[in-house]
Number of protein chains: 2
Amino acid sequence: MLKYQQIAKEIENYIYSNSLPQGTKLPTVENFAFDYKVSKSTIVKALESLVLKGIIYQVQGSGIFVRRRNRTGYIDFNILAGFTSSLKEFKITSKVLDFDIIKADNKIAQLLECNLNDEIYKIKRIRYINNEIMCYEESYYKKSVVPYLTKEIAKESIFEYLNSALNLNMGFSDRYFNIIKLDKHIANLLELNPNDPAMSVLEQIYLSSGIMFNFSKIIYHYKHTQFYSQSTSIK
Amino acid sequence: MLKYQQIAKEIENYIYSNSLPQGTKLPTVENFAFDYKVSKSTIVKALESLVLKGIIYQVQGSGIFVRRRNRTGYIDFNILAGFTSSLKEFKITSKVLDFDIIKADNKIAQLLECNLNDEIYKIKRIRYINNEIMCYEESYYKKSVVPYLTKEIAKESIFEYLNSALNLNMGFSDRYFNIIKLDKHIANLLELNPNDPAMSVLEQIYLSSGIMFNFSKIIYHYKHTQFYSQSTSIK
């Protein structure tokens, strides 16, 4: 991690751990440079990265301010591994419905950017938030990237396992979503009625090397989920 | 605009105007520095801002690559002024249902971060994509920030007017969204049936000064809209 990234991380942690509200004025570049014993240009870089991440905003001639990151209980669509990190205050649990190793068919090969017949973990789960049904999830992982995965691991956070045990370097993700009427099968799994509303999400996740290793189809329970997304203007 | 921002913009435009697909390798930092006749550190800054904006990704020891930005026809939740810019290839039109100047009540004052009884433009519109209903939108603008607005202007893109005519400096926005069943009134406006599914979005938009000037409640037509959101990992 470069010096400016480390400082950005520390400023970010400071804002969160103190729950600073939106609009809170932060120290000046000069003050930060003095406190961290680095050059002003290092601070400027750190702050720029925080602006682009939506953590702060800078007002010309006026200062640096905290930007509100989230509301409690909203699933954050700006960060990669959805719930577990953005819903820290809740108990997230999972029931594994299905756990298989399959060969990629045409459709999977296309969505996962792999070869036909590559070995793939296919996992179906119901995920719960404070014991209420949050979503139905159908996930596909490349076995070439995730060599070891078990039903036991899938009962907990798979992402935490990939991060901490396999030390995978997460890169970025794309989410495509739309609103649907539930069919009978999924309605049943979510304990809702056919034709009830739902959000359907296709999520593709890449390592920092740019290789996709996972995609998931997620159907969210409309009564138990809400979402959040930040944007910056196009400059 | 600083030199590195200008270069970032040029690289971004180059990627889009040539429709470079995801994974396309870009020139090295050295090559860019030579081409743009600037220092390597200026290029590094430009590239970092493009990484954070989700335009490219960098792989240590391997190079700089194009990141896919979008799929055609998806509403981009990473950028501020929703449709008109992310749906350039479509015809976006509006029908103004209601155009009023009102005094902020408690709820509006809270959502718009203004004082009770402040003057507010309240605009109800149906928005169309290629002549199909895209959404119902209820927008509130601070008159103190937007001194002049008319029903005529609201028939077109209000954001384009704010940008080009009023020269407002857009900053950032927050979107909160969830899935609902339509009530009779909105179903009617969207030419759908009561209890049909929909996405309900609350969008709050700030000037670059950090002052909120607009919020909107938007109900999207589930058959005519789909959405896209990018994320970077939490570093």
Checklist entry - When the residues of segment B:201-220 are filtered to those that are open to solvent by 30 Å² or more (accessible area, probe 1.4 Å) and not hydrophobic (A, V, I, L, M, F, W, C), which remaining residue is modelled with the highest pLDDT? => result B:217
Checklist entry - Which ones in segment A:155-180 are open to solvent by 50 Å² or more (accessible area, probe 1.4 Å) and in a loop (DSSP other than H, G, I, E, B)? => result A:155, A:156, A:165, A:166, A:167, A:169
Item to check | Extreme residue, modelled with the highest pLDDT, among residues of segment B:69-95 that are under 21 Å from residue B:124 (Cα atoms) and facing another protein chain (nearest Cβ under 7 Å) | outcome: B:80
Checklist entry - Can we say residue A:186 is closer than 21 Å to residue B:58 by Cα and either open to solvent by 10 Å² or more (accessible area, probe 1.4 Å) or of a type in the set (S, T, N, Q) (or both)? => result no
Checklist entry - Filter segment B:35-68 for residues that are facing another protein chain (nearest Cβ under 9 Å) and part of a strand (DSSP E or B); which is surrounded by the most Cβ atoms within 10 Å (Cβ to Cβ)? => result B:57
Item to check | Tabulated pairs, segment B:171-185, first more than 7 Å from chain A (Cβ to nearest Cβ), second part of a strand (DSSP E or B), C-beta under 9 angstrom, 6+ apart or interchain | outcome: B:182/A:197; B:182/B:197; B:182/B:198; B:182/B:219
Item to check | Test for residue B:195: is it open to solvent by 10 Å² or more (accessible area, probe 1.4 Å) and at pLDDT 95 or above | outcome: yes
Checklist entry - Can you name the residue in segment A:120-132 that is in contact with a strand residue (DSSP E or B) (Cβ under 6 Å, 6 or more places away or on another chain) and surrounded by fewer than 18 Cβ atoms within 10 Å (Cβ to Cβ) and, of all such residues, is nearest to residue A:186 (Cα to Cα)? => result A:124
Checklist entry - If we scan segment B:133-148, do we find a residue that is within 16 Å of the chain's Cα centre (by Cα), surrounded by 21 or more Cβ atoms within 10 Å (Cβ to Cβ), of a type in the set (D, E, K, R) and within 14 Å of chain A (Cβ to nearest Cβ)? => result no
Next on the checklist: I'd like the full set of residues that are of a type in the set (Val, Ile, Thr) and either within 20 Å of the chain's Cα centre (by Cα) or not in a strand (DSSP E or B) (or both), limited to segment B:110-132.
Outcome noted: B:123, B:126, B:129
Item to check | Meets criteria (open to solvent by 50 Å² or more (accessible area, probe 1.4 Å), in contact with a Pro (Cβ under 6 Å, 6 or more places away or on another chain) and facing chain A (nearest Cβ under 9 Å)) for residue B:223 | outcome: no
Next on the checklist: Being part of a helix (DSSP H, G or I), free of Cβ contacts under 8 Å to residues at least 40 places away in the same chain and within 9 Å of chain B (Cβ to nearest Cβ) is the filter here; which residues of segment A:1-15 pass it?
Outcome noted: A:9
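Rundown of residues vs (1) over 20 Å from the mean Cα position of the chain (by Cα); (2) farther than 25 Å from residue A:207 by Cα; (3) open to solvent by 30 Å² or more (accessible area, probe 1.4 Å), yes/no style:
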| residue | (1), (2), (3) |
| --- | --- |
| B:20 | yes, no, yes |
| B:33 | yes, yes, no |
| B:98 | yes, yes, yes |
| B:101 | yes, yes, yes |
| B:107 | yes, yes, yes |
Checklist entry - Identify, please: which residue in segment A:190-220 is of a type in the set (Ser, Thr, Tyr) and under 30 Å from residue B:59 (Cβ atoms) and is, among those, farthest from the other protein chains (Cβ to nearest Cβ)? => result A:216
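The values are calculated or read from the model by the stated rules, or taken from the named source; none is laboratory data. None of the values given here were measured: they were computed from a predicted structure. Counting neighbours? That spans all protein chains shown, and the Cβs are built from the backbone with ideal geometry, glycine included. Protein only, heavy atoms only, side chains kept; ligands, DNA and RNA dropped before computing areas. Shrake-Rupley method; radii C 1.70, N 1.55, O 1.52, S 1.80 Å.
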